[in-house]
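A.B. asks: First the structure, which I've put down as structure tokens, then a few questions once you've had a look.
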Ligand SMILES: O=c1nc[nH]c2c1ncn2[C@H]1C[C@H](O)[C@@H](COP(=O)(O)OP(=O)(O)OP(=O)(O)O)O1
Ligand SMILES: [Mg+2]
């Protein structure tokens, strides 16, 4: 990671995501900074195959693809749930465990079954979020955030998305899906990564 971070000039920023939930969250986060966020989906950019081996590689790949295509700076998010007793699975495959079309009830059941099969009492897990900023000249920076917690089955709550119903962050007794979105966004992996990005880039 470079020490001399490049600042984002006022203007347009492409949000290199095809996930409407993420685009909504990111838009709210960049609003105070004289930046107009345009989603990759809205301007018809492709959804590249996520061939990286890490969250950071996949985030950079998505950001780079959009920055080159739009000739504007682009921001991408690659995130997922890492379950400690499953050696970090589903990890970068978190979206793919939900199949196509995505079904997170199925993905959460898969996690539960894998834990039962592992005959473990360790239900600890963490979420990771890698945020990548890429510029059309090839410069790129990645910021990573994390939140630790425990998994509960069956899932509870209907407020979040993805694996939120089974994730209880440390120090709390309700799941991310039972929590007000504002509270989740204060403590989430995405909030952690955003704090680092904002400090470096604005
Ligand atoms: O706060 C979260 N709460 C619950 N689940 C979460 C969260 N953050 C990531 N996740 C899970 C679900 C998501 O589908 C996958 C990310 O997969 P990931 O490839 O980064 O995103 P995506 O395919 O949905 O959209 P895109 O790649 O176009 O940005 O990890
Ligand atoms: Mg994806």
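Only the coordinates and a few stated rules stand behind these numbers; no lab work does. Since this is a predicted model, take the numbers as computed values, not measurements. All Cβ positions, even for glycine, are placed from backbone atoms using ideal geometry, and neighbour counts span all protein chains on display.
A.B. asks: Would you mind calculating the relative contact order of segment 11-201 from Cα pairs under 8 angstrom and at least 6 residues apart, reporting the percent as a whole number?
C.D. replies: On the way: 373 pairs, mean separation 33.8, N = 191.
Relative contact order comes out at 18 percent.
A.B. asks: Next up: For the Cα atoms of the chain, what angle does the longest principal axis make with the long axis of helix 20-30, in degrees from 0 to 90, nearest 10?
C.D. replies: Orientation of helix 20-30: about 50 degrees from the principal axis.
A.B. asks: Placing one identical point scatterer on every Cα of segment 26-117 and ignoring solvent, what is log10 I(q)/I(0) from the Debye formula at q = 0.11, 0.13, 0.20, 0.22 Å⁻¹?
C.D. replies: Values returned for q = 0.11, 0.13, 0.20, 0.22 Å⁻¹ are -0.42, -0.57, -1.02, -1.12.
A.B. asks: At 7 Å along the Cα-to-beta-carbon direction for both residue 24 and residue 71, put a label point, then send me their distance in nm to one decimal.
C.D. replies: In this crude label model, residue 24 to residue 71 measures out at 3.4 nm.
A.B. asks: Right, another one. Using Cα pairs closer than 8 Å and at least 6 residues apart in sequence, work out the relative contact order for segment 155-202, in percent.
C.D. replies: Averaging sequence separation for qualifying contacts and normalising by length gives 29 percent for segment 155-202.
A.B. asks: Let me ask another. Per residue Cα convex hull volume for the chain, in cubic angstrom?
C.D. replies: Hull volume over Cα atoms, normalised by residue count, gives 120 Å³.
A.B. asks: Here's a follow-up. Under a point spin-label approximation (7 Å from Cα along Cα-to-Cβ), what is the residue 12-residue 110 distance to one decimal in nm?
C.D. replies: Once both label points are built, they end up 3.6 nm from each other.
A.B. asks: Once the Cβ-Cβ distance between residue 191 and residue 119 is put in as r, and R0 is 45 Å, what FRET efficiency do you end up with, to the nearest 0.05? Spell out each step's value before the answer.
C.D. replies: Numbers: r = 34 Å, r/R0 = 0.76.
So, using R0 = 45 Å, E works out to roughly 0.85.
A.B. asks: Would you mind checking the tilt of helix 189-201 against the longest principal axis of the Cα atoms of the chain, expressed as 0 to 90 degrees and rounded to 10?
C.D. replies: The two axes meet at around 20 degrees.
A.B. asks: Any idea what angle helix 55-70 forms with the longest principal axis of the chain, computed on alpha-carbon atoms, 0 to 90 degrees, nearest 10?
C.D. replies: 30
A.B. asks: Summing -39500 (n - 2.57) over the DSSP H runs of n ≥ 4 in the chain and dividing by its residue number, what mean residue ellipticity at 222 nm do you reach, to the nearest 500 deg cm²/dmol?
C.D. replies: Per the formula, -9500 deg cm²/dmol.
A.B. asks: What order do you get for 190, 195 when you list them from fewest to most C-beta neighbours inside 10 Å?
C.D. replies: Fewest to most other Cβ atoms nearby, the residues stand as 195, 190.
A.B. asks: If you line up the Cα atoms of segment 118-188 on their principal axes, what length do they span on each, largest first, in Å?
C.D. replies: Largest to smallest, the principal-axis extents are 47, 31, 20 Å.
A.B. asks: Express in nm, to one decimal, how much length is gained between residue 34 and residue 156 on full extension, taking 0.36 nm for each residue of separation and deducting their alpha carbon distance.
C.D. replies: The residue 34-residue 156 span can extend by a further 40.2 nm.
A.B. asks: Turning to a different aspect of this structure: For segment 1-59, take every pair of Cα atoms, bin their distances at 5 Å starting from 0, and report each bin as a whole percent.
C.D. replies: 4, 16, 20, 21, 23, 13, 3
A.B. asks: For the chain, with a Gaussian network of springs between Cα atoms less than 10 Å apart, report the residue from 154, 101, 32 with the top mean-square fluctuation.
C.D. replies: 101
A.B. asks: How much FRET efficiency would the formula 1/(1 + (r/R0)^6) give for residue 183 and residue 84, where r is the Cβ-Cβ distance and R0 is 25 Å, rounded to 0.05? Please list the in-between numbers first.
C.D. replies: Working: r = 24 Å, r/R0 = 0.97.
Step by step, r from the Cβ atoms, then E = 0.55.
A.B. asks: I'd like to compare 158-165, 43-50, 56-63, 75-82: which one has the highest average count of other Cβ atoms within 10 Å, and what's the full order after that?
C.D. replies: 75-82, 56-63, 158-165, 43-50
A.B. asks: Give the separation of the Cα centroids, segment 88-122 to segment 150-182, in Å.
C.D. replies: Between the Cα centres of segment 88-122 and segment 150-182 lies a distance of 15 Å.
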